[in-house]
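S.K.: The structure under discussion is supplied below as structure tokens; questions concerning it will follow.
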Amino acid sequence: NFILAIESSCDDTSAAVLRNDKVLSNVVATQAIHQQYGGVVPELASRAHQQNIVPVVHQALAKANIDKNQLSAIAFTRGPGLMGSLLVGTSFAKSLALGLDIPLIEVHHMQAHILAHFINDEKQSQPSFPFLAMTLSGGHTQIVQVNNYFDLQILGQTLDDAVGEAFDKSAKLLGLPYPGGPLIDKYAQEGNAQAFIFPKPKVEGLNFSFSGLKTSILYFVQKSVKKNPKFIEENLKDICASIQFTILEILMQKLKLAVNQTGIKEIAIGGGVAANSGIRFRLKEAEKTLGWHTYIPKFEYCTDNAAMIGIVGYLKFLEDDFAEQNITAKARYSL
Ligand code: ATP
Ligand code: FE
């Protein structure tokens, strides 16, 4: 079977073609326009999707070397995400499915971030059920117990900012360009993580909170710059290392608690922040010291991409789980 998958929930327009669980092509058009605004501008994102969607789909088909008449079904991201962005992918997927007279499959974006682990690729291995999925992205921070492909139970999530936002907003306070997460990671590798101490939020159970951390970093930076105007330049690496250390401590603490509560030691990480070198290091460490089995998808399947929509599409295709033509996008869509 050949599945065409479309992802347009935020600021990346992506199309992929899968043959069963293997990715034949995965084309992503990222929108550079948002950089100058220091964050995603929804109105501009919708317009860019509208421009990109047809060329991106053509490219995905061409790279996979198949004709659209060979497609078995079309999968698309129904939500959650920005409404204007979702509408572009949803409308396109519906129209093409109608034109080709093939089934339409709706996909939940966060389920896709989790099931990206099941893309059949020699460079990644698959967790076994049940496992704990920690999704670390620009809009979400969740710990989910995954009993099978379609039985997902949220154990905890953020009460305010997502972990990616914590990285990006901290970076912004330091004058770094958007998105600052990868830059904090880069500088942190050469800094002293114990140089500055930031308070960790006190949140019960498996939920997260990152807005307090952002505020304490803001006050800390303001106070320090008042004393020494060159404080940031002179200490950039140490500040980044200390911020990253605090964020990773929060994540690892919650993961350990989730493992203790469930007894599950299969841990699968996903979302853009899974690219962070520090979290990768911590997980490798936990394999040795705590006996966990940890899984991180290939980087291109961590950030927003249509291949992950395609794998969920394929799994639903096997179940004949198809959507009706009158289906609508959902900006808020719980797992
Ligand atoms: P959502 O899926 O919740 O809608 P999103 O898909 O927009 O959000 P992703 O593309 O999964 O988010 O992730 C983007 C985030 O990952 C950004 O906040 C970015 O700063 C962060 N990020 C990427 N690489 C790194 C890194 N090496 N270290 C820390 N953060 C990183
Ligand atoms: Fe995402």
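The values are calculated or read from the model by the stated rules, or taken from the named source; none is laboratory data. None of these values were measured; they are calculated from a predicted model. Here the Cβ positions follow ideal geometry from the backbone for every residue, glycine too, while neighbour counts run over all protein chains shown.
S.K.: Looking at S25 and the list (1) without any contact (Cβ under 8 Å) to a residue 60 or more places away in the chain; (2) farther than 20 Å from K298 by Cβ; (3) crowded, with 16+ Cβ neighbours inside 10 Å; (4) of a type in the set (S, T, Y), which single condition is not satisfied?
M.R.: Only one criterion is unmet by S25, namely (2).
S.K.: Give the residue that is nearest to ligand 2 (Cβ to nearest atom), with candidates limited to residues of region 105-132 that are in a loop (DSSP other than H, G, I, E, B) and of a type in the set (G, A, S).
M.R.: S125
S.K.: Taking K226, is it over 16 Å from the mean Cα position of the chain (by Cα), touching a residue at least 40 places away in the same chain (Cβ under 8 Å), closer than 26 Å to S170 by Cα and assigned to a helix (DSSP H, G or I)?
M.R.: no
S.K.: Using the structure shown, decide if Y295 is within 15 Å of ligand 2 (Cβ to nearest atom), in contact (Cβ under 8 Å) with a residue 12 or more places away in the chain and surrounded by 15 or more Cβ atoms within 10 Å (Cβ to Cβ).
M.R.: So Y295 fails the test.
S.K.: Next question. Taking P177 as meeting all but one of (1) touching a residue at least 60 places away in the same chain (Cβ under 8 Å); (2) part of a loop (DSSP other than H, G, I, E, B); (3) within 27 Å of N260 (Cβ to Cβ), write down the number of the exception.
M.R.: (3)
S.K.: Turning to a different aspect of this structure: Looking for whichever is part of a loop (DSSP other than H, G, I, E, B), closer than 23 Å to Y37 by Cα and either among the aromatic types (F, W, Y) or modelled with pLDDT of 95 or more (or both) here; the options are D185, D161, D168. Which one fits?
M.R.: From the options D185, D161, D168, the qualifying one is D161.
S.K.: Give the number of residues within region 68-104 that are in a strand (DSSP E or B) and not β-branched (V, I, T). Lay out the reasoning, then the answer.
M.R.: Going through region 68-104, the residues in a strand (DSSP E or B) turn out to be 73-79, 104.
Now narrow it down to the ones that are not β-branched (V, I, T): 73, 75-76, 78-79, 104.
Residues in region 68-104 being in a strand (DSSP E or B) and not β-branched (V, I, T): 6 in total.
S.K.: Scan region 263-279 residue by residue and report those that are surrounded by 15 or more Cβ atoms within 10 Å (Cβ to Cβ) and either away from ligand 2 (no atom under 16 Å from the Cβ) or part of a helix (DSSP H, G or I) (or both). Walk me through it before giving the result.
M.R.: Our first condition is that a residue be surrounded by 15 or more Cβ atoms within 10 Å (Cβ to Cβ); within region 263-279, this holds for 264-276, 278-279.
Result: I264, K265, E266, I267, G272, V273, A274, A275, G278, I279.
S.K.: Count, please, the residues in region 189-222 that happen to be among the aliphatic types (A, V, I, L, M), in contact with a Lys or Arg (Cβ under 8 Å, 6 or more places away or on another chain) and either free of Cβ contacts under 8 Å to residues at least 40 places away in the same chain or closer than 18 Å to L155 by Cα (or both). Quick ask: steps written out before the conclusion?
M.R.: We begin by selecting, within region 189-222, every residue among the aliphatic types (A, V, I, L, M); these are 193, 195, 197, 203, 206, 213, 217-218, 221.
From what's left, in contact with a Lys or Arg (Cβ under 8 Å, 6 or more places away or on another chain): 206, 213.
From the residues that got through so far, the ones that are either free of Cβ contacts under 8 Å to residues at least 40 places away in the same chain or closer than 18 Å to L155 by Cα (or both) too are 206.
So the answer is 1.
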